[in-house]
Amino acid sequence: MTNLLIIITAALFGTGCGKSHSNPTPIPPPVDTTKTVTYKDPAQYGTPYSGIPATKDIVMYEVNMQTYTPANFTGVDARLDSIKALGVNVIWLMPTYPIGVLKAVGSPYAVKDYTGVNTNFGTIDDLRKLVVDAHARNMAVIMDWVADHTSWDNAWISNKSWYKQDGSGNIISPPNTNFTDVAALNYNSAPMRTAMIRAMKYWVFTANVDGYRCDYADAVPDDFWKQALDTLSSIKTHKLIYLAEGTNGSEITDGFQLGYAFGFYGTLKGVFGGTQSPSAILTTNSTELASLPSPGLKLRYITNHDDASSDGSVLKIYNSKQGSLAAFVIAAYLDGVPLIYDSQEVGYPNPINFFTNVPVDYTANPDMVAAYKQIIAFRAAHEAIKTGTLTTYNDASIVAFEKKSGTDDVLILVNATNAVVNYNVPAALQNTTWLNGYTGASVTVGTQVALQPYGYVVLKKN
């Protein structure tokens with residue numbers, strides 16, 4: 001803000017019949033009424049949520065408001081019980097900010113006002129109610145943050161130095177992208193950084209949110225993320241969750257607990273598409289984890305808002321309802337933290353363009369919803385799934401792995417093909433006794449296990 005300097009100068013002159021004073025009244029010195037404007041955090045709304053799960057325990061659910069009926073905060077609020085029933089404990093809201101109009105294509109990632117609410121979704125009070133109601137159901141709420149760029153009609157654009165420019169001094173879109181609807185921010189600008197961090201703090205205090213999923217994080221300098229997350233983490237009344245759409249590992253060093261698993265998703269598609277062997281997902285898993293500084297974890301998913309738009313439904317990507325469930329078992333159990341993108345649990349059959357309203361029937365395919373609940377409940381019950389030592393068993397058709405933590409021992413077999421497979425059991429597992437992880441029935445593993453097309457077997461040690 002610009003400080004206003006008001007200088008009041010007063011002079012007194014003698015009057016009366018043309019006579020002058022030989023000793024005029026002294027002119028007082030200028031009065032400096034400058035007021036230093038000191039930033040102050042917004043008042044805290046509500047009581048900070050104390051139930052933030054440990055990172056390893058997170059089950060995240062991505063909310064695309066435009067798949068709900070009504071497509072607003074109230075529509076999401078009405079589904080909180082159903083979301084919670086899946087086993088979810090963290091909700092990620094896609095951007096809820098006003099969207100730019102200038103040069104726009106309708107993307108919610110073209111943010112016009114970092115501290116505003118998209119009126120299509122409701123008011124700040126509606127957002128607050130959603131957060132309060134989620135907390136009451138023991139679910140944290142994180143917001144989507146777009147730090148690389150703004151819309152062309154964001155008020156920040158008047159601060160030209162806050163944006164990247166070409167050789168002629170024109171503000172530019174993010175380099176090496178096709179994001180022409182947005183303007184690239186300049187992280188050499190200290191005032192811009194300060195404004196960005198204050199805007200991030202704003203929602204923690206004003207709506208009592210529990211952290212951020214940070215979009216396109218690799219494009220933003222590491223030192224900014226460290227600066228921002230260190231500042232947010234200094235808010236001692238809150239324990240916050242930080243998820244980076246980043247892949248290079250440095251995001252964990254910067255302060256994020258979670259990074260994206262782009263490679264895992266790509267390999268998983270290849271395995272179910274028949275272009276990669278099942279063992280490839282085990283290799284990708286190992287490679288990703290090796291690149292990740294401790295104690296960071298990867299977000300594992302079979303789709304998200306980008307993939308549901310570009311690649312289509314999980315029914316297409318993984319060939320069927322059963323195929324999508326088999327893929328989710330791998331994502332949820334192998335390593336990392338699972339994500340559900342709303343609509344996948346009901347097998348929505350079409351692509352979802354997240355720029356527009358795409359109403360989803362959330363009563364569809366209750367059998368799939370039941371399976372998701374079962375898969376997630378098993379994960380929640382077994383520390384081996386979350387932190388156990390991994391043993392992999394390579395096979396031409398089956399994704400097979402075992403995880404152990406103390407006496408907790410689980411064995412996962414997933415058929416990644418659309419054919420019956422008689423799995424040749426490794427010698428170390430032959431003639432062992434287990435319990436079915438979902439039914440509790442006793443299971444003896446002999447020399448072979450028959451798995452139906454896209455079938456999966458989940459066992460726990462008796």
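The values are calculated or read from the model by the stated rules, or taken from the named source; none is laboratory data. This one's a predicted model, so the numbers in the text were calculated from it and none came from an experiment. Here Cβ is always computed from backbone atoms with ideal geometry, including for glycine, and neighbour counts include all displayed protein chains. The accessibility values were calculated without ligands, DNA or RNA, using every heavy atom of the protein model including side chains. Shrake-Rupley method; radii C 1.70, N 1.55, O 1.52, S 1.80 Å.
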message: Could you order the peptides 176-185, 237-246, 196-205 from most to least packed, using the average number of other C-beta atoms within 10 Å per residue?
response: 237-246, 196-205, 176-185
- line: Surrounding charge for residue 439, neighbours by C-beta under 15 angstrom, Lys/Arg +1, Asp/Glu -1, total +2
query: According to the Cα gyration tensor, what semi-axes, each the square root of 5 times an eigenvalue, does the equivalent ellipsoid of segment 228-325 have, listed from largest to smallest in whole Å?
result: 30, 16, 9
message: Give me the three principal axis extents of segment 148-226 from the C-alpha atoms, as integers in angstrom, largest value leading.
response: 42, 24, 23
- line: The farthest towards the positive end of the charge dipole of the chain, of the residues 100, 51, 284, given +1 on Cβ of Lys and Arg and -1 on Cβ of Asp and Glu, is 51
Compactness of segment 365-462, expressed as Rg and Dmax over alpha-carbon positions, Å: 13.2, 39
Rounded percent of accessible protein surface that carbon and sulfur make up, the chain, 1.4 Å probe: 53
message: Just want to confirm a number: the relative contact order over the chain, from Cα pairs under 8 angstrom separated by 6+ residues, in percent.
response: 13
statement: Kirkwood-based Rg/Rh on the Cα set of segment 324-422 evaluates to 1.03
field: Ordering of 82-88, 329-335, 39-45 by packing [mean C-beta count within 10 Å, highest first]
entry: 329-335, 82-88, 39-45
query: If we count every other residue with Cβ under 13 angstrom of residue 265's Cβ, Lys/Arg +1 and Asp/Glu -1, where does the sum land?
result: -2
For segment 340-412, accessible area per residue (1.4 Å probe, heavy atoms of protein chains only), Å²: 40
Debye, to nearest 20: dipole size of the chain, +1 on Lys, Arg Cβ, -1 on Asp, Glu Cβ: 700
task: Taking the Cβ of residue 281 as the centre, find all other residues whose Cβ is under 12 Å away and add up their charges (Lys, Arg: +1; Asp, Glu: -1).
output: -1
Listed peptides 89-99, 62-72 by packing density, highest first (mean Cβ within 10 Å): 89-99, 62-72
- request: Mind checking which aspartates and glutamates have their Cα closer than 16 Å to the Cα of residue 112? Skip sequence neighbours fewer than 8 apart in that chain.
  value: 144, 148, 153, 181, 215
message: Pairwise over distinct Cα atoms, reciprocal of the mean inverse distance: report the Kirkwood radius of the chain in Å, one decimal place.
response: 24.6
message: Using the Kirkwood radius over C-alpha pairs as Rh, can you work out the diffusion coefficient of segment 104-172 via Stokes-Einstein at 4 °C, viscosity 1.567 mPa s, in µm² per second?
response: 89
statement: Under 5 Å from the placed amide H of residue 141, counting only residues 5+ away or on other chains, we find 91, 210
